[in-house]
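In what follows, a structure is listed as structure tokens, so that the remarks can point back to it.
Here, each number is a calculation from the coordinates, and none is a lab measurement. From a predicted model like this one, the values you see are computed outputs, not experimental measurements. Glycine also receives a Cβ, built like all others from the backbone with ideal geometry; neighbour counts cover every protein chain displayed.
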Amino acid sequence: MTADSASARRLERALASLRGLSVGDALGSQFFVPANYPLLKQRALPPGPWQWTDDTEMACSVLAVLSAHGRVDQDALARSFAEHHDFDRGYGPAVNRLLRLVREGGDWRELSSALFQGQGSWGNGSAMRIAPLGAWYADDPEQATHQAEISSYPTHQHREAVVGAMAVAAAASLAAAPGGPPSPEDLLDGVITLVPRSAVGAGLRRARDMLDYQDAGTVAAVLGNGRRTSAHDTVPFALWSAARSLGDYEQAFWATAQAGGDVDTTCAIVGGVVASGGAGAPPADWLARTEEPPAWLTPFLP
Ligand SMILES: [Mg+2]
């Protein structure tokens, strides 16, 4: 395979993951509208169009930087996040302020490390955007994990957020492996070996122990469902849910959404991981109801 066709295939895989991520994000966010609550229990679709949120907007920057640079360039990524920051897409207040200051010329290194009294953010924002990077590195889960680590710093520097991003990228990489998706056990075992000790890592080991549980609500009650919007109360449950439904996007979405919490983000993570393997694409009519990617992404696409 030539270098060009290898990178074209990386981009195709990453784009497939981005589609899954954006459908999960956009449809998941519909269930914050009170009129749509009853539909969730019935597994019925709300009317379109479904607008995506910050999860998709940031994931588009990840894809754009990979397409332009072939790897994560932190300065380019921070610049893209800031330039393409739409305040009304549901960002958390700390990231809204950070991206505004970066856009006005601030240094992301100083601003990101200063968040939360110098601890950095442990929010789930660097995990929610990173599945397409894992798909890009489907042939190299270690590199996926490393690139995800450095991708977190422009906005999320707390160890838990960094490990959360590493775990999601590792999962997306393993889910898109050339030989087809792994078993649920192999997926979580693979992720666990790729991430350092942390609360996210401990949560993933608990998730591994709960793979035979049938009720996502019970598992979410133990692992968290993103209600606190931290990496460690989001990523273990999302990867539990993705692991159980590799190859079946609809089942993955509904089981995840019905557990409640930060539904756009848990469904963005699950959608991005499940769709990164070719077998788990979202249904065509779901994709058709989802808002198109932003026009600024077009020059980076095939
Ligand atoms: Mg969101």
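Some points to look at:
- Entry for the range 1-77 at q = 0.12, 0.15, 0.16 Å⁻¹: log10 I(q)/I(0) = -0.47, -0.63, -0.68, Debye formula applied to identical alpha-carbon scatterers, no solvent contribution.
- In the range 208-280, the convex hull through the Cα atoms has an average projected area of 4.1 nm², a quarter of its surface area.
- Size descriptor for the range 108-245, Kirkwood hydrodynamic radius: 14.6 Å (Cα pairs only, one decimal).
- Placing dummy labels 7 Å off each Cα toward the beta-carbon, the span from Ile150 to Ala68 is 1.6 nm.
- The chain - Kirkwood radius from inverse mean 1/r over Cα pairs (Å): 18.4 Å
- Helix-only arithmetic for the chain: the sum of -39500 (n - 2.57) across DSSP H runs with n ≥ 4, divided by the residue total, places the mean residue ellipticity at 222 nm at -19000 deg cm²/dmol.
- Put simply, when 109-115, 223-229 are sorted by average Cβ atoms within 10 angstrom per residue, most first, you get 223-229, 109-115.
- Basic side chains Lys and Arg get +1 at the Cβ, acidic Asp and Glu get -1 at the Cβ, and with that the dipole of the chain about its Cα centre reaches some 360 debye.
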